[in-house]
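Take a look at the structure set out below.
The values are calculated or read from the model by the stated rules, or taken from the named source; none is laboratory data. In this text, all values refer to a predicted model and were calculated from it rather than measured experimentally. Positions of Cβ are backbone-derived with ideal geometry, glycine not excepted, and every protein chain shown enters the neighbour counts.
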Amino acid sequence: MSKTADLLPGTLDMLILKAVSLKPLHGYGVLLRIRQISGDALDIPQGSLYPALYRLEHQGLIVAEWGQSENNRKAKYYTLSEAGRRRLEEETAGWNRLASAIAAALSAEPEEA
Amino acid sequence: MPRGLLATFQTLRRRDRFEDAMAAEMRFHVERYTEDLVLSGVPPAEAARRARREFGSLDNVKEDCREARGLRPFDEMRRDLRYAARLLRKTPGFTATALATLALCLGANLTIFAVVDAVLLRPLPFPAAGRLVSVYNTYPKASVPNDGCSLPNYYERRGQIPAFSRLAVYRDATAVVGETGATEQLPVTRVSPDFFSTLGLGPVIGRVFTEMETMEGKNGAAILTDGYWRQRLGADPGVLGRAIRVNGISRTVVGILPPTFSFLSSQTLIYLPLASSPDERAPQKRHSGTAHMIARLAPGATLAEAQAQIDAHNAAVEVNDPEARLIADAGFRSLVVPLRADHVAAVRPTLLLVQAGALFLLLIGAVNLVNLLLIRASGRVKELAVRQAIGASRRHVVSGALVESTLLALIGGLLGLAAGAGGIRLLALLGVDRLPLGSHVVFDARLALIALAGAIVVGIALGLPVAWLSLRNAAALGLQGESRGTTAGRAAQRLRHAFIVAQIALAFVLLAGAGLLGLSLQKVMTVSPGFRPANVLSGQLVLPVRSYPDRQTLLAVVERLTAELGRQPGVQAVGFATNVPLSGISNKSAATVQGHRPRPGEPPHGFYSYSVGGDYFSALGFSLREGRFLTAADSRRAERVCVIDEDFARRYWPRGGALGQRVFEGPGEGEADDAYTVVGVVGPVKQAGLVEDEAQGAIYYPFGHRADHSIYLVVRASLPVESLAPALGKAVRRVDPELPVNDLRTMETRIADSLVARRSPALLAVLFSGIAMLLTAVGTYGVLSYAVTQRRREIGLRMALGARPEQVRGQFLSLALRLLAAGTALGVLGAWLTGRAMQAVLFQVPPLPVPLLAATIAVLGTVTLAACLQPAGRAARTSPLEALSEE
């Protein structure tokens, strides 16, 4: 587990939105999907997943619906709402700007200073 | 965030489902994780354990989820409420006292507020009702403050006053409605065609009146109220065009008003066109106020503009008026006043006074409760300190106190709603429906909402002192316990004592105020009405114009009625008059003494004028001062005679010699033959009420010379007169089967009814003071009783050191006396100020009469000290051994 990175504050919401944007997922599925799409690099503390899901649902960014799970059990599935999709785009763009800025700053060579 | 709040409320509405779903979702998560762990080779028991451990504390996660949904404050509130409810259940004595206090005080306020709301606050049921005004003629120097308006006023002003978008007149009357044999006398209103458009509310079915229908002889139309249509015509949908008989004339129904239509206090069931002849609209009739004018202010126009335009218009039309001088001498003016304010002006001060009384009661009750709550809170000081020590925030301590008192106030408020609903029914007994707009008093959702909002405000106000003291105590005491010497303990005690002093002072003011109203009523009741009211019955008859078109027929029917009624067993005297004392009608008209030269600027004077037939003076029991009464025979004699009252005589002949003088009816001398010779002077009677500002003067003409269609019959009997009423009705129907008798009441009832505006507030004030006394006793008892308990050790110590029981008792009684003295001193000051403010509604009572002051001190002192005897006695009986061995 030493390969996993700690989450930066504020990034959990973004990851959840990204995860459910691909296909409807239940809570446990969100956890697996984030682990999968990050190549097992990101591990979310299970206890903080649900408060984040409830907050996003409360804000109307994701929508919950009960459905059948893979092994025919009732599970609560989350999908991205229209507002959630816009938020994901904004956050992705914002994150990319921040990431490239930080990357540029960190790759600065001494002679260019 | 409104969206978030909305989502929170949706979650709250289906809270159980939310909790179930949350639990199911997390259970599913743990199970799926367990399965995955098992699949990856972990033994099942170990897998389940690990899944639960990695998920973390289920309760914490759930709590975080609830917070994410904005449920946290509601959950805290619910916990506080449950805690408060448990505390209240643990102290049933306190809870019952507090709830009873709140129910009484809030109920009393709700009851009175229902009246204040209906009469003073609630808009009249018309669109933009605030733009409606009333216009009336006043002749203050002729002592005629309000003479309504005349038909010429209406026809001359219509369309001439730019500040009015609409202008209308109306006249209230009664009419005999129905087919022969099944007639009834009903209130009707005659209105000009624009009456309904002025109000902004007209018939829902059919049409309003036309201009044509205001011509005399062409007025065969009628508009019915919803009530009449439903009750008498069975809500017949094809009613338009149907005929109804009014005063013997067939009229066509042209419109039905909506159920909500209610014009001021009118009980009218049928609206008729106000028809008039060209004569009645002529300028000579400009000052014959026979109707009332209403108008709607044009958009943007102000009351002051309307007044200025009316003044200018009056000046313009009076230019060629031969009576202009006389009218100006009478101080004539037409006043524009807001319709509603004008209608309720007379009752406004009394209503506000009673509401102030109710608020005083609430204040006393609130002070009482604050003290009881403070005492309760003192018992919980340690508990609060512990709660703060284990992390309860200051906010939590405050909200806990507020939740408790608000819960109390809300339950008390609900009980108060019930009490208020009962109180509103009780008000009917006190004659509230006879107030202007009094019939609009209802108990509805608006009132209930205001009451509950009021209860919440009271609840928060009650909790604030407790919250403040709790914070202070907790800060000062920590966990040391409440020792008697601490500053916080002393502050609490000072607060409790200050509240007791305030309570005594408030109760004193309320009691003194009730006393003032009572004294005033007593003074009014000793005023003589001027006649002997015992065993006299009076009732109103309206003689239809169709059956009795002229003076001869009117006189004939009055004579036949006199004879028929006189034959009834037990009847001693029968008389008729166009008005009787305290009938509620107090119109005046002018009379002119022959040969009297008015001084320049002397205004004409309005006198109560009566036409009397039969044996009116004996029937009512007048006192004769000079000459003789009018008799039935005077109506048949060609020679014109009259009787005046002492006030009239004194006005013109202060040194005597009224007999033989000649008086003309109306505002000027007429033909010599028209003069009436004074043949008698009688004692004055009270017309408008037992209390009249100044002597008005009255003149009595024989009915045969000045007949009228609206008359009162007056019967004096040797038996209890109420039992005669059915026989009298039958006797009248024997003379004319279409004549119903209206407003049949004994003269004693008329006197009692005329006092209702004084009696009802006095009764309410007495009721309020009674409750206030009780509350003060409870409050004083509670505080003193607590003081004794709190100082038990000290008392025990003193007694062990040799203090006698009387000394201990004296110590507590002297504390009570000090509080009483301070409260009384403040109370006397407050009562004096209140008495001064009440002068307008009092009759011959100074602001604070000494006997009343003494009585109030005695009553309040007795009640307060009586409440202290038990706690003081308990202090004196303290056993030193037990007291010192406790704790």
*Please state which one of B:Leu106, B:Leu81, B:Leu132 is modelled with pLDDT under 90 and not aromatic (Phe, Trp, Tyr).*
B:Leu81
*asked:* Please list, ordered by residue number, the strands (runs of 3 or more DSSP E) wholly in segment B:522-639 having 3 or more residues that are more than 40 Å from the chain's Cα centre (by Cα) and either of a type outside the set (Ser, Thr, Tyr) or surrounded by fewer than 21 Cβ atoms within 10 Å (Cβ to Cβ) (or both).
replied: B:624-627
*Go through B:Val38, B:Val42 for me and flag whichever is more than 9 Å from chain A (Cβ to nearest Cβ), modelled with pLDDT of 85 or more and outside any helix (DSSP H, G or I).*
B:Val42
_Tally, over segment A:50-81, of residues that are touching a strand residue (DSSP E or B) at 6+ places or on another chain (Cβ under 6 Å) and part of a loop (DSSP other than H, G, I, E, B)_ = 2
_Condition first: free of Cβ contacts under 8 Å to residues at least 60 places away in the same chain and either in a helix (DSSP H, G or I) or over 18 Å from B:Arg232 (Cβ atoms) (or both). Now tell me which residues in segment B:252-283 satisfy that._
B:Pro278, B:Asp279
*Which residues, counting only those in segment B:700-731, are buried (at least 22 other Cβ atoms within 10 Å of the Cβ) and under 23 Å from B:Gly666 (Cβ atoms)?*
B:Tyr700, B:Tyr701, B:Pro702, B:Phe703, B:Gly704, B:Ala707, B:Ile711, B:Tyr712
*Among the candidates A:Gly94, A:Gly47, which residue alone is away from chain B (no Cβ under 11 Å) and either part of a strand (DSSP E or B) or over 12 Å from the mean Cα position of the chain (by Cα) (or both)?*
A:Gly94
_Search result, residues across segment B:219-243 that are surrounded by 13 or more Cβ atoms within 10 Å (Cβ to Cβ) and in a loop (DSSP other than H, G, I, E, B)_ = B:Asn219, B:Gly220, B:Thr225, B:Asp236, B:Val239, B:Leu240, B:Arg242
*Unmet requirement for A:Arg85, which otherwise passes all of (1) free of Cβ contacts under 8 Å to residues at least 40 places away in the same chain; (2) of a type outside the set (Gly, Ala, Ser); (3) more than 15 Å from B:His29 (Cα to Cα)*: (1)
*Odd one out for B:Gly379, checked against (1) surrounded by fewer than 19 Cβ atoms within 10 Å (Cβ to Cβ); (2) farther than 30 Å from B:Val788 by Cβ*: (2)
*asked:* Of the conditions (1) among the charged types (D, E, K, R); (2) at pLDDT 75 or above; (3) out of contact with any Asp or Glu (no Cβ under 9 Å at 6 or more places or on another chain); (4) within 30 Å of B:Lys285 (Cβ to Cβ), B:Glu323 satisfies every one except a single condition; which number is it?
replied: (2)
*Pairs with Cβ under 6 Å, 6+ apart, first in segment B:660-683 and at positive phi, second not in a helix (DSSP H, G or I)*: B:Gly666/B:Ala590
_Check on B:Gly107, within 14 Å of another protein chain (Cβ to nearest Cβ), touching a residue at least 24 places away in the same chain (Cβ under 8 Å) and of a type in the set (Gly, Ala, Ser)_ = no
*Go over the candidates B:Thr862, B:Thr834, B:Thr856, B:Thr824 one by one and state the one that is among the hydroxyl-bearing types (Ser, Thr, Tyr), at negative phi, surrounded by fewer than 20 Cβ atoms within 10 Å (Cβ to Cβ) and modelled with pLDDT of 90 or more.*
B:Thr862
*Scope segment A:56-91; condition within 10 Å of another protein chain (Cβ to nearest Cβ), exposed (fewer than 11 other Cβ atoms within 10 Å of the Cβ) and polar (S, T, N, Q); matching residues*: A:Asn71
*Since A:Leu15 meets every condition but one in (1) crowded, with 18+ Cβ neighbours inside 10 Å; (2) within 13 Å of chain B (Cβ to nearest Cβ); (3) under 11 Å from the mean Cα position of the chain (by Cα), which condition does it not meet?*
(2)
*Can you find even one residue in segment B:128-141 that is surrounded by fewer than 15 Cβ atoms within 10 Å (Cβ to Cβ), away from every other protein chain (no Cβ under 14 Å) and part of a loop (DSSP other than H, G, I, E, B)?*
yes
_Given the criteria out of contact with any Ser or Thr (no Cβ under 9 Å at 6 or more places or on another chain) and touching a residue at least 40 places away in the same chain (Cβ under 8 Å), does B:Arg655 qualify?_
no
*Output for segment B:50-74, where each listed residue is more than 9 Å from chain A (Cβ to nearest Cβ) and loosely packed, with under 14 Cβ neighbours inside 10 Å*: B:Arg53, B:Asp59, B:Pro73
*Restricting segment B:447-463 to residues that are touching a residue at least 60 places away in the same chain (Cβ under 8 Å) and more than 16 Å from B:Ile112 (Cβ to Cβ), the residue that is surrounded by the fewest Cβ atoms within 10 Å (Cβ to Cβ)*: B:Ala461
*Kindly list the number of the only condition in (1) closer than 30 Å to B:Ala401 by Cβ; (2) facing chain A (nearest Cβ under 8 Å); (3) polar (S, T, N, Q) that fails for B:Thr11.*
(2)
